[in-house]
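Structure, as structure tokens:
The values are calculated or read from the model by the stated rules, or taken from the named source; none is laboratory data. Predicted model, so just to flag it, every value in this text is computed and none were measured. Glycine also receives a Cβ, built like all others from the backbone with ideal geometry; neighbour counts cover every protein chain displayed.
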Amino acid sequence: MGFLSNLKNRLIHGGLTEEEHERVSRAMTQLNSAGFDPWGVSPETLKASLASSIWLYRKYFRVETKGLENVPEGRLLIVGNHSGQVPIDGMLIATSMLLEANPPRLARGMVERWAPALPFISTWFARCGQITGDYHNCKELLERDECVMVFPEGVSGSGKTIFHRYELQRFGTGFMRLALETKTPILPVAAIGFEEALPSISKLSKLSKRVGAPYLPLIPTGYLPLPTKVTLRFGQPLRFDAPADASDSAIEQLVDQVKFSIQKELDEGLRIRGERIFTGVAK
Amino acid sequence: MSEKRRILFTGASGGLARIIADRIKDDFEIYGIDVRPLRVGARFPGEFLQLDYQSRKVSELFRSMKFQAMVHLGRLPMEAQYRKFSRFHTNVLGTRNLLDLCLKHQVKTAIVMSTFHVYGAHQHNHLYITEDDALLASHTFPEITDAVELDNISVAFSLKNREIRTLILRPVNVIGNRIHNQISMFLRTGACPVLMGYDPMQQFIHESDMAEAVLLALNGDKSGIYNVAGEGVIPFTKAVEMAGSKAVPVPEFLKGPSIQFMKWVGFDFPKHLVEYFKYPVIVSDKAFRRDFGYQPKVTTRDALESLITGLPGSLG
């Protein structure tokens, strides 16, 4: 029976169970007459992509979550630590927000400014809610009560070597000004386990500078991510009340509070997990 | 009963001018001018004159008629029959002359129809472009400079001459079965070439909503620049499908030859539109909705699906 119902799901719901199907529909709150949301997300493409990310989420990285009950309603800025060379951590967080948050939310990622020039990929990004990382885009989304996901460390976070794992790099401050301007709560999240999936031992800085790439990881275990066990620990939402045009030093103090709460979740999770990177649950 | 107010339409041979004029023919005495002749079989609800916007006769018309308002819809599109010089002559110098005449003859309201194309399809565009954003069109495609210049001239005019209520409308793609602009004709071709791998979001506004927007602008009391959009956003290929055509993906390196091919089969495809098939230009009409109470009535789906047949009676 299990096989039959599984087959039915695959055929009728494109690999999603009825419940997952319904959760995606619930997350899409602003569809227009043509069936698209104001930023070009198509529920059909989103569901098709979710089918493959669910496999990564459940079967490959066996993601556990903690603290998803902390997700507030309305506009939201999710701030996480970036790790693991490739932006799969963002995909896992977005998947958890769709599958496990109540109500389900579509967490929109911010992609690089050269991404719209890539054929096919740019279209797929747009249909799944990935938007060019731009002040105006982000502001518009938050003003319309959407959920945006940012990694203020940027490439210095995702590209760091295994020797610096779980060390938070410098945070950019743009996200904090946006949060203050739009009065958006910040939800800190710590991803534990993905740092070891692609253990880079060098960024090959000189070579990557020459070819214009942000980093070129040298990974002795190969370029297929290892099936480490990933835990996402969501902290308490942080609400700040300060003028958005405060001085840089004032903003940096607030950013440090966000950084601190992510670091706290990381430390706590790592203490629980220990060195069991393939099996250890960090909650 | 007092004398009827007089209004001048430019671009009067176009479909939109006729639709708007039809709606206000009871309240206004309507005059229409265009550098193009009236389409065969078309009827303009008012007096129609085929005139160059810089001609002596246009000055005379302003002098004798004492217009209350001018609706400047007469921007020549980028089609092969209008060479760069004639577009510059009509769109830039012509607009300049018309606005000067408005000032000279105390016209109270001038509405200038620009286009969302002036923002330009650029890789770094953010979504929901506002009226304050830069006009990048001539950077990506210099041929479109006349449209940007028309916009610039009108904006400068509205800032300098506050005694005339000048509105610059920047609408998105206007579509409908009664108008013959490039995007409507393109979507009606049956097989529409699109750029392979790119499917930017687009906005469409139905001709009747556009007419309504111009009337709101005419009867309102605010001036300035306003984006005007329709109900929703939709990927370009989806729009093509909804309009009843088939999207034919063309790899980017073949775009030149395929434009030549379309020209050869009789469809003059404007090259600058290709850029708009690659990157999205999505505008925000928040300001227009706020200041004029504008609310589109025709959904994007209805507008596209009725492109050939027209809307069913209740809506049209």
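Overview of values
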item	result
Residue match in region A:43-55 (condition: surrounded by 23 or more Cβ atoms within 10 Å (Cβ to Cβ), touching a Leu at 6+ places or on another chain (Cβ under 8 Å) and not in a strand (DSSP E or B))	yes
Residue in region B:255-271 that is over 30 Å from residue B:39 (Cβ atoms), out of contact with any helix residue (DSSP H, G or I) (no Cβ under 6 Å at 6 or more places or on another chain) and among the hydrophobic types (A, V, I, L, M, F, W, C) present	no
Filter result for the condition that a residue is within 26 Å of residue B:238 (Cβ to Cβ) and β-branched (Val, Ile, Thr), over A:148, A:86	A:148
Hits in region B:120-156 - residues which are crowded, with 18+ Cβ neighbours inside 10 Å and out of contact with any helix residue (DSSP H, G or I) (no Cβ under 9 Å at 6 or more places or on another chain)	B:155
Within region B:175-189, tally of residues that are touching a Ser or Thr at 6+ places or on another chain (Cβ under 8 Å) and either part of a loop (DSSP other than H, G, I, E, B) or surrounded by fewer than 20 Cβ atoms within 10 Å (Cβ to Cβ) (or both)	4
Residue match in region A:40-59 (condition: in contact (Cβ under 8 Å) with a residue 40 or more places away in the chain, under 27 Å from residue A:183 (Cβ atoms) and not polar (S, T, N, Q))	yes
Qualifying positions in region B:221-239 - in contact (Cβ under 8 Å) with a residue 60 or more places away in the chain and more than 7 Å from chain A (Cβ to nearest Cβ)	B:222, B:223, B:224, B:225, B:226, B:227, B:228, B:229, B:230, B:239
Count - residues of region B:8-37 that are in a helix (DSSP H, G or I) and either surrounded by fewer than 19 Cβ atoms within 10 Å (Cβ to Cβ) or at positive phi (or both)	2
Residue count, region B:76-95 (criterion: among the charged types (D, E, K, R), assigned to a helix (DSSP H, G or I) and in contact (Cβ under 8 Å) with a residue 60 or more places away in the chain)	1
Residue ID - surrounded by the fewest Cβ atoms within 10 Å (Cβ to Cβ), chosen from residues in region A:136-160 that are out of contact with any helix residue (DSSP H, G or I) (no Cβ under 8 Å at 6 or more places or on another chain) and within 14 Å of chain B (Cβ to nearest Cβ)	A:144
Failed condition for residue A:39, given (1) part of a helix (DSSP H, G or I); (2) within 14 Å of another protein chain (Cβ to nearest Cβ)	(1)
Test result for residue B:61, more than 19 Å from the chain's Cα centre (by Cα), in contact (Cβ under 8 Å) with a residue 12 or more places away in the chain and either more than 14 Å from every other protein chain (Cβ to nearest Cβ) or in a loop (DSSP other than H, G, I, E, B) (or both)	yes
Any pair with Cβ under 8 angstrom, 6 or more apart, that starts in region B:105-130 at a residue that is within 14 Å of chain A (Cβ to nearest Cβ) and ends at one that is basic (Lys, Arg)	B:119/B:170; B:121/B:278; B:123/A:113; B:124/A:113; B:130/B:286
Which listed residue, of B:100, B:52, B:34, is closer than 23 Å to residue B:168 by Cα and without any contact (Cβ under 8 Å) to a residue 12 or more places away in the chain	B:100
Unique match (being at pLDDT 95 or above and either closer than 20 Å to residue A:72 by Cα or at the interface with another protein chain (Cβ under 9 Å from one of its Cβ atoms) (or both)) among A:117, A:107, A:126	A:107
Region B:241-274, subset within 12 Å of chain A (Cβ to nearest Cβ) and part of a helix (DSSP H, G or I), residue nearest to residue B:217 (Cα to Cα)	B:242
Residue match in region B:142-153 (condition: farther than 14 Å from residue B:75 by Cα and more than 14 Å from chain A (Cβ to nearest Cβ))	yes
Selection count, region B:269-311, where residues are within 28 Å of residue A:117 (Cβ to Cβ) and of a type outside the set (Lys, Arg)	17
Region B:190-210, subset part of a strand (DSSP E or B), under 17 Å from residue B:113 (Cα atoms) and of a type in the set (A, V, I, L, M, F, W, C), residue farthest from the other protein chains (Cβ to nearest Cβ)	B:205
Criterion violated by residue A:187 - all others in (1) touching a residue at least 24 places away in the same chain (Cβ under 8 Å); (2) assigned to a helix (DSSP H, G or I) satisfied	(2)
Enumeration of residues in region A:234-253 that are under 30 Å from residue A:66 (Cα atoms) and hydrophobic (A, V, I, L, M, F, W, C)	A:234, A:238, A:240, A:242, A:251
Exclusive hit being under 21 Å from residue A:192 (Cβ atoms), of a type in the set (A, V, I, L, M) and outside any loop (DSSP other than H, G, I, E, B), set A:79, A:86	A:79
Single residue of region B:275-312 satisfying the filter (among the β-branched types (Val, Ile, Thr) and in contact with a Phe, Trp or Tyr (Cβ under 7 Å, 6 or more places away or on another chain)) that is nearest to the other protein chains (Cβ to nearest Cβ)	B:300
Those residues of region A:190-230 which are in a strand (DSSP E or B) and either under 22 Å from the mean Cα position of the chain (by Cα) or in contact (Cβ under 8 Å) with a residue 60 or more places away in the chain (or both), in sequence order	A:190, A:191, A:192
